[in-house]
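Please read the structure below before turning to the comments.
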Amino acid sequence: MPIAFDELYRLKKTDKFTLEYLSKWIDFYVVPRSGANYYLTNEDLKQSMISEVTGSDRLISFNFSYKGTRNNPVSVSFDKNKYYERFVSLNRTETSKYFAQGILTDFGFFFRGFLNLKEEQLFELDFDQGSERLIDRNEDKISCKLILKDKKNKIIADFYFEFEGFKSLKRLKTDWYAESSGELNFFMANRMRGVNDGDVTSLLERTIARWVTMVKMGIIRDDINTNI
């Protein structure tokens, strides 16, 4: 079980953060002027206490006392962005339905459906529109910065997240389709009017810039044809 940093950082609750609790993740030791570090034993810890515990973006800080003697404040490195990143997981079932390059431009619209959010009743996820979206075309991955907010719209954390599991472009051979449309049928009927039977390739090539835009194209996704 991870440390309850959210209670300390966001809710400012320190009741749980006793010396006994922190000792599950932190080794307490004394740095002597000479010789090896002395790690406090269970008996030593019974004669120790901590107070004024706080959590910040990069640190967990507290005051440490041993046998009633208060020492200098202690700080332990702790990256709150990495901690909150654990609240977010990838929904590979959803990413597997799309081509990474096909949704890159409108990724801000799609990204939320690709994610599972722990404690959804407490947090919201946003996409940093100003951040750079990086695409790995070889691995079919997209990475971008996400912002985790509380329900009052206060930013709690931000971190880069990697979206993977998208369709390979090789799938276009089977997933891409093109078919005629009513507009194209009307255009061809007028274009072919009065044309004798035979090869009309050259006639169509001269007007391809016009009629190709009338072709109905799309991607087959879960047996649903999605127009593009």
What's the number of the only condition in (1) surrounded by 12 or more Cβ atoms within 10 Å (Cβ to Cβ); (2) modelled with pLDDT of 95 or more that K82 fails to meet?
(1)
Subset of the stretch 135-176 that is touching a residue at least 40 places away in the same chain (Cβ under 8 Å) and aromatic (F, W, Y) - its residue that is nearest to E7 (Cα to Cα)
F159
Looking at this structure, is R193 exposed (fewer than 15 other Cβ atoms within 10 Å of the Cβ), part of a helix (DSSP H, G or I) and not hydrophobic (A, V, I, L, M, F, W, C)?
no
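State which residue is nearest to the chain's Cα centre (by Cα) when the search covers only the stretch 179-190 and only residues that are surrounded by 10 or more Cβ atoms within 10 Å (Cβ to Cβ) and of a type outside the set (G, A, S).
Filtering the stretch 179-190 for residues that are surrounded by 10 or more Cβ atoms within 10 Å (Cβ to Cβ) and of a type outside the set (G, A, S), the one nearest to the chain's Cα centre (by Cα) comes out as E179.
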Out of all the residues in the stretch 4-13, which are of a type outside the set (K, R), closer than 19 Å to N63 by Cα and free of Cβ contacts under 8 Å to residues at least 40 places away in the same chain?
A4, E7
Residue pairs within 7 Å by beta carbon, gap of at least six or interchain, first lying in the stretch 95-118 and in the same structural domain as L146 (by TED's automatic domain parsing) and closer than 16 Å to E164 by Cβ, second outside any loop (DSSP other than H, G, I, E, B) and of a type in the set (D, E, K, R), listed first then second, are S96/K167; K97/R221; Y98/K167; F99/K167; A100/K141; G113/E94; F114/E94
Over the stretch 92-123, the set of residues over 14 Å from D140 (Cα atoms), exposed (fewer than 15 other Cβ atoms within 10 Å of the Cβ) and basic (K, R) is K118
If we take the stretch 105-189, then strands (runs of 3 or more DSSP E) inside it with 1 or more residues that are at pLDDT 90 or above are 115-117, 123-127, 141-150, 155-163
Would you point out which residue out of S89, S77, S34 is loosely packed, with under 14 Cβ neighbours inside 10 Å, over 22 Å from the mean Cα position of the chain (by Cα) and over 22 Å from K13 (Cβ atoms)?
S34
Which condition breaks for K24 when tested against (1) farther than 21 Å from I155 by Cα; (2) of a type outside the set (A, V, I, L, M); (3) touching a strand residue (DSSP E or B) at 6+ places or on another chain (Cβ under 7 Å)?
(3)
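The values are calculated or read from the model by the stated rules, or taken from the named source; none is laboratory data. Since the structure is predicted, the reported quantities are computational estimates derived from the model, not experimental observations. Methodologically, a virtual Cβ is constructed for each residue, glycine included, from the backbone with ideal geometry; neighbour enumeration extends over all protein chains shown.
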